[in-house]
Amino acid sequence: MWTVFKLDHATIYNYQIYAASDFEQIALSGHLMTVGTIVSAVLKPPLAQISDVIGPAETYIGVIVCYVISYALCVSARGFGQYIGGYIINNVGQTGMQILNQIIVADITSSRCRGLANGLVSLPFTIIPWFSAFIVDSALVHIGWRWGIAMFSIIMLACSLSVVSPLVWFQRRLERAGGCVRTKTSICGFGSQIDFGGMLLLSGGCGMLLLPTALAENAKSRWTTPWVPTLMAIGVAGLTLLIYYESRIATKPATPPRLFENISLPLAFLIRLVDGLCLQRHTHLPVCLGNSGSRTCVTRCHVSDDTAGCVQVLIGLGTGFLMYRSKRYKWLLLVGIVIRLIGYGFMMRLRVIQGAGSGAVGTIVIVVAQIVVPRAELAYSTALELLRIYLGNSAGSAVVGTIYTNLIKEQLRFWMGLDASQAAINSIYGSITAVVPRPGTSDRNAINHAYSDILRSMTIVALVASAIPMVLIWFLSNLELNDKHNLAGNSPETGESDAQPDLADETRPRKWKRRMCW
């Protein structure tokens, strides 16, 4: 199912460009991707809560239905509006399948095997990027983008049986054994069980943060546009109100304060947030596109991204194996952070090093977020961990957007000289592919130097940010992984329950020393 999910994700993006072109709405394709990304981000926690209440099998069926509906809307679209509706529903299906696959893997594996299992199910990513383009090209030549999308409705339905059937069977078996008793409830009762108010504040707050950072680059005044800080302020207010609501008002809070009593969970969230912020440095502004504006160099950018992604998956798999053998994760996380730090130091040449470090870090932090909470809170903790990636990307987009907006004209003026016209500088500032001088000319070299300076500033920010986890990791518990499902309430030294009599009188310095124990 992971293979089909990743293949759908890789091909739908390419079909979208041709669909927008057919409807003569190519200018809206970027905004459509932005909306899809925000939908994918903010719906993860609610879908995780719904899965906990009605069951993963029923939620999985609902996700597949979203996929089929989205394919039908896109294929039969008579206008771009209908296609947009289908694309958004497709993003609901994608984010639902991503979180449910993560939950299923976490549910059926022990804390010791989870990193290895996550690496194994991600292996299709090392293959799909290299042949998905051939599938798209063949479909566009022989059957068109509509049938290229339509064939996934058959593939998705057929492959989903391999996951849905065992889920339904195990749930029915559990119900017959008396392990899961479901009672009828009202709409208000269902809303209380999924913490509708908390989900509304969390999703709305995160959406208000993601929306302006995603659209500010296309606004006339960019980050100085009045509605950008207004929406971000509303988002911060919503997330602040969420803390009060969950602690004082919610009858069944999805984010209770006790969820963060174990310091490992917020630390895992912060490390993932910083990772997303740093990654946005090289996805926000393709360096070679800015330097040349040529298709050949754009292709090299995508090949570089795909190569780094494949290395990230393979290193993640290797990290999972080392976690399985050593039964520890803290020193592996430290090695990953150091490698990533070195990778950002050599970012201009060695993207693979950064991918290796991110692969180790990403594999470990999601396992940490899953093993330090009870099984009942596993789905929601996983959703929050995945949400941090989008929030980190949003913060990274804001940082690099600010750097670009404030420095690019100054650097262009410095390298192009005082004789360069303001109109030429504004043209390059507004579009990195507009009116690019021929290679070898003095203006072209000046543009290259200006973009190199901007990217150097972005890389320095990423380098500094990637050093933050070097401090955070010292306060991360180093629990011993075992064959149990989770390690909630375990001590770092033994992996057994930390409900020991002497901890009641433990002083604060000794508590911090125990948390920092390797």
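The values are calculated or read from the model by the stated rules, or taken from the named source; none is laboratory data. On a predicted model such as this, the values are computed, not experimentally measured, just so you know. Counting neighbours? That spans all protein chains shown, and the Cβs are built from the backbone with ideal geometry, glycine included.
Every residue in the stretch 3-32 that is among the aromatic types (Phe, Trp, Tyr), surrounded by fewer than 19 Cβ atoms within 10 Å (Cβ to Cβ) and assigned to a helix (DSSP H, G or I), please.
Passing the criteria: 13, 18.
Report whether or not residue 39 is in a helix (DSSP H, G or I), touching a residue at least 12 places away in the same chain (Cβ under 8 Å) and under 18 Å from the mean Cα position of the chain (by Cα).
Yes: the conditions hold for residue 39.
Among the listed residues 420, 395, identify the single one that is more than 32 Å from the chain's Cα centre (by Cα), modelled with pLDDT of 75 or more and either small (Gly, Ala, Ser) or at positive phi (or both).
After ruling out the rest, the residue left standing is 420.
Against the definition (within 29 Å of residue 108 (Cα to Cα), at pLDDT below 85 and over 33 Å from the mean Cα position of the chain (by Cα)), how does residue 504 come out, yes or no?
no
Somewhere in the stretch 412-432, is a residue touching a Leu at 6+ places or on another chain (Cβ under 9 Å), β-branched (Val, Ile, Thr), assigned to a loop (DSSP other than H, G, I, E, B) and touching a residue at least 40 places away in the same chain (Cβ under 8 Å)?
yes
Condition first: surrounded by 18 or more Cβ atoms within 10 Å (Cβ to Cβ), modelled with pLDDT of 85 or more, over 21 Å from residue 381 (Cβ atoms) and not basic (Lys, Arg). Can you find one or more residues in the stretch 273-285 that meet it?
No - not one qualifying residue is present in the stretch 273-285.
Would you confirm whether any residue within the stretch 314-327 is buried (at least 20 other Cβ atoms within 10 Å of the Cβ), within 29 Å of residue 398 (Cβ to Cβ) and at pLDDT 85 or above?
Checking the stretch 314-327: at least one residue is buried (at least 20 other Cβ atoms within 10 Å of the Cβ), within 29 Å of residue 398 (Cβ to Cβ) and at pLDDT 85 or above.
What about residue 440, is it under 30 Å from residue 204 (Cα atoms) and modelled with pLDDT under 75?
For residue 440, the condition - under 30 Å from residue 204 (Cα atoms) and modelled with pLDDT under 75 - is not met.
Which residue out of 61, 127, 89 is among the β-branched types (Val, Ile, Thr) and buried (at least 21 other Cβ atoms within 10 Å of the Cβ)?
89
Being surrounded by 15 or more Cβ atoms within 10 Å (Cβ to Cβ), in a helix (DSSP H, G or I) and not aliphatic (A, V, I, L, M), is that true of even one residue in the stretch 368-378?
For the stretch 368-378, residues surrounded by 15 or more Cβ atoms within 10 Å (Cβ to Cβ), in a helix (DSSP H, G or I) and not aliphatic (A, V, I, L, M): present.
Looking at residue 151, is it out of contact with any His (no Cβ under 8 Å at 6 or more places or on another chain) and without any contact (Cβ under 8 Å) to a residue 24 or more places away in the chain?
Criteria met by residue 151.
Go through the stretch 186-214 residue by residue and tally those that are without any contact (Cβ under 8 Å) to a residue 12 or more places away in the chain and in contact with a Gly (Cβ under 7 Å, 6 or more places away or on another chain).
The qualifying residues number 0.
Residues being among the hydroxyl-bearing types (Ser, Thr, Tyr) and either more than 20 Å from the chain's Cα centre (by Cα) or outside the structural domain of residue 240 (by TED's automatic domain parsing) (or both): count how many of those fall in the stretch 182-215.
Of the residues in that region, 4 qualify.
Filter the stretch 42-83 for residues that are of a type in the set (S, T, N, Q) and either within 24 Å of the chain's Cα centre (by Cα) or assigned to a helix (DSSP H, G or I) (or both); which is farthest from residue 168 (Cα to Cα)?
Residue satisfying both the conditions and the ranking: 82.
Does residue 89 count as within 19 Å of the chain's Cα centre (by Cα), at pLDDT 90 or above and part of a helix (DSSP H, G or I)?
So residue 89 passes the test.
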